[in-house]
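**Q** There's a structure below that I have some questions on.
The values are calculated or read from the model by the stated rules, or taken from the named source; none is laboratory data. As the structure is a computational prediction, the values presented were derived from the model and not from experiment. Note: ideal-geometry Cβ built from the backbone for every residue, glycine included; neighbour counts use all protein chains shown. Surface areas here come from the heavy atoms of the whole protein model, side chains and all, with no ligands, DNA or RNA. Shrake-Rupley method; radii C 1.70, N 1.55, O 1.52, S 1.80 Å.
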Amino acid sequence: MISNSSGLSVIISIYKKVEYLDLVLDSLKQQRYKNFEVIIAEDNDSEELKKFIEQKRKVCNFKIKHVWQKDKGFRKSKILNKAIKEAEFNFLVFVDSDCILHKRFLDEYAKRKNTNDCLFGRRVMLSPKLTESLLKEKNINGLSLKKILFSKSRHLEEGLYIPFDMNLIKRKAVMIGSSFGLQKNIIYKVNGFDEDYEGYGFEDADLQWRLESIGVKFKSLRNKAIQYHLFHGRGGQKEAFNKNQKVYNRKKKEGNVFCHNGLIKK
């Protein structure tokens, strides 16, 4: 496995909601850090997204790759592994397609891309009304501090950017959808995401315990790698969540750090 160490590979997982992705890509166009590629990991194979990406390639100032798979239910782990294999750069940054990125978001990861730690950020939870306004206007420049403060958005403290370095906080809790980044060669040491997890839940917790088992430390980029999460509802996930919790507990008990059904198939 040979990768370029000079930049970042940004992997965006998506299932439908192209209008959300439109805003995320616009936030990537405004990044201060410029040496990156984007890999859109689609847990689906829609013609709508393919056409959308072709249009975006004409106007974006960064390379966009697209990997996809048949829609056979929630198989996020599988499509993320496919995206990892396509990554040109050695440092991977994972985000979801419903999170607008602060203009210094990638800069904060790039400063630390030679670390052996897993870095992760936090997000402001935007209100339904502000999300609706952004989607209607199709303009992230409307995402001002004033609008956020008066919009009934949640976790506003996560949106305060602190430019000077502090000791990065070590934390146990990692939110894969919130954003995280690590070196490609490190994620290969545990064989990537475990594709036995189908349906919502625990694919992130599983990856975390396996990385921790090989000595990887988790450090927070709170108030540095900032995201603004676009509101959307959740539903129909409890059954899959409970099922995956049982799978997770069994796998932890078995202790297989290098998962069998991952990047490399055993």
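**Q** Contact list please: Cβ distance under 6 Å, first residue in segment 6-17 and among the basic types (Lys, Arg), second residue in a strand (DSSP E or B), pairs at least six apart or on different chains.
**A** From residues that are among the basic types (Lys, Arg), there are no pairs.
**Q** Lys72 fails exactly one of the following numbered conditions: (1) within 15 Å of the chain's Cα centre (by Cα); (2) of a type in the set (Lys, Arg); (3) at pLDDT below 95. What is the number of that condition?
**A** Of everything listed in (1) within 15 Å of the chain's Cα centre (by Cα); (2) of a type in the set (Lys, Arg); (3) at pLDDT below 95, Lys72 misses just condition (1).
**Q** So which residues in segment 211-221 are out of contact with any helix residue (DSSP H, G or I) (no Cβ under 7 Å at 6 or more places or on another chain), open to solvent by 60 Å² or more (accessible area, probe 1.4 Å) and assigned to a loop (DSSP other than H, G, I, E, B)?
**A** Lys217
**Q** (1) of a type in the set (S, T, N, Q); (2) farther than 21 Å from Glu132 by Cα; (3) in contact with a helix residue (DSSP H, G or I) (Cβ under 6 Å, 6 or more places away or on another chain): which one isn't true of Ser27, the others all being true?
**A** (2)
**Q** Here's a follow-up. Grab the strands (runs of 3 or more DSSP E) fully contained in segment 82-174, keeping just those with 2 or more residues being open to solvent by 10 Å² or more (accessible area, probe 1.4 Å). Walk me through it before giving the result.
**A** Working: elements: 89-96, 99-101, 118-120, 122-125.
Fully inside segment 82-174 and qualifying: 89-96, 122-125.
**Q** Please work out if Phe52 is out of contact with any Ser or Thr (no Cβ under 6 Å at 6 or more places or on another chain), in contact (Cβ under 8 Å) with a residue 12 or more places away in the chain, outside any helix (DSSP H, G or I) and of a type in the set (Phe, Trp, Tyr).
**A** Working: out of contact with any Ser or Thr (no Cβ under 6 Å at 6 or more places or on another chain): yes; in contact (Cβ under 8 Å) with a residue 12 or more places away in the chain: yes; outside any helix (DSSP H, G or I): no; of a type in the set (Phe, Trp, Tyr): yes.
No; evaluated as a whole, the condition is false for this residue.
**Q** I've got another one for you. Could you tell me which numbered condition Ser6 fails, if it satisfies all but one of (1) hydroxyl-bearing (Ser, Thr, Tyr); (2) closer than 30 Å to Ala240 by Cα; (3) in a strand (DSSP E or B)?
**A** Failed condition: (2).
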